[in-house]
Amino acid sequence: MRVLSRFLAAATDAAHFPAPSLPEIAFLGRSNVGKSSVINSLVGDKVARTSSTPGRTRSINFFEIRWPGKPHPELIFADLPGYGYAKISREISQEWPKFIEPYLNERPTLSLSVVLIDANVPPQPSDRQLLDFLSASNRDFLLVATKSDRLSNNQLHNALRTLTQEYPAARPLPYSAKTGAGRDELWKQIRQVARQMTTPADSSITPELEDY
């Protein structure tokens, strides 16, 4: 099922964040992990820009997510800048205290951080640093292993086992933006977290999240 999405805002400063309202799902990962492709595959549209040049996203981009036939958005996706690419990692790291750390530490509506890791690449120190940062901030996160279609079943099994050994607190979810493998499970996890953040006053959005 395709959902409806609308670009809401691009923020390079905490003062530019949209007013907190709906549950927000943040997408984080290394600059070449396929983050935009994952977001686009989830919503069924090219809302996040994909590029052959890693590190193209330099702001937090917010997108409203709405189900067809429903008058109001029910979720917000937040696409965060990539990290770990040698040519831009220093510049990006300098920007983290300005708006990325405040978002991850202080955003009251941040429900879940979806951390994307390339299933084809051995565990990286920068990924460990991000997971440690989220854990220290008491943020819930989900580890998603992208580009899983590039591996055979045995290779994927070994890659997931390695990720589980490296990150014992996480259960990596294999995902392919190309084939759609893992899409339903990722949506299930997102919906579950969003329902937990829905207050009784907002309970009208719950059926749509359950029926997706």
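The values are calculated or read from the model by the stated rules, or taken from the named source; none is laboratory data. Fair warning: this is a prediction, and the values are worked out from it, not measured in the lab. With ideal geometry, Cβ positions are generated from the backbone for all residues, glycine too; neighbour counts draw on all protein chains shown. To get the accessible areas, we keep the full protein, side chains included, count just its heavy atoms, and leave off ligands, DNA and RNA. Shrake-Rupley method; radii C 1.70, N 1.55, O 1.52, S 1.80 Å.
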(request) Find all pairs meeting these conditions: Cβ atoms under 7 angstrom apart; at least six residues apart or on different chains; first residue within region 174-197 and closer than 10 Å to residue 111 by Cα; second residue open to solvent by 70 Å² or more (accessible area, probe 1.4 Å). (result) 193/140
(message) residue 121 - would you say it is surrounded by 14 or more Cβ atoms within 10 Å (Cβ to Cβ), out of contact with any Asp or Glu (no Cβ under 7 Å at 6 or more places or on another chain) and modelled with pLDDT of 95 or more?
(response) no
(request) Give region 118-151 a look and list any residue that's on the phi > 0 side of the Ramachandran plot and in contact with a strand residue (DSSP E or B) (Cβ under 9 Å, 6 or more places away or on another chain), or say none. (result) 147
(message) Every residue in region 158-174 that is touching a helix residue (DSSP H, G or I) at 6+ places or on another chain (Cβ under 9 Å) and among the charged types (D, E, K, R), please.
(response) 166, 171
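Among the residues of region 136-160, how many are assigned to a helix (DSSP H, G or I) and closer than 23 Å to residue 39 by Cα?
Here the count works out to 6.
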(request) Please enumerate the residues belonging to region 159-184 that are out of contact with any Phe, Trp or Tyr (no Cβ under 8 Å at 6 or more places or on another chain), of a type outside the set (Ser, Thr, Tyr) and open to solvent by less than 70 Å² (accessible area, probe 1.4 Å). (result) 159, 160, 163, 172, 173, 174, 177, 180
(request) Only residues that are within 12 Å of residue 64 (Cα to Cα), surrounded by 15 or more Cβ atoms within 10 Å (Cβ to Cβ) and of a type in the set (S, T, N, Q): list them for region 5-43, please. (result) 5
(message) Tell me yes or no: at least one residue of region 64-85 is open to solvent by 20 Å² or more (accessible area, probe 1.4 Å) and modelled with pLDDT of 95 or more.
(response) yes
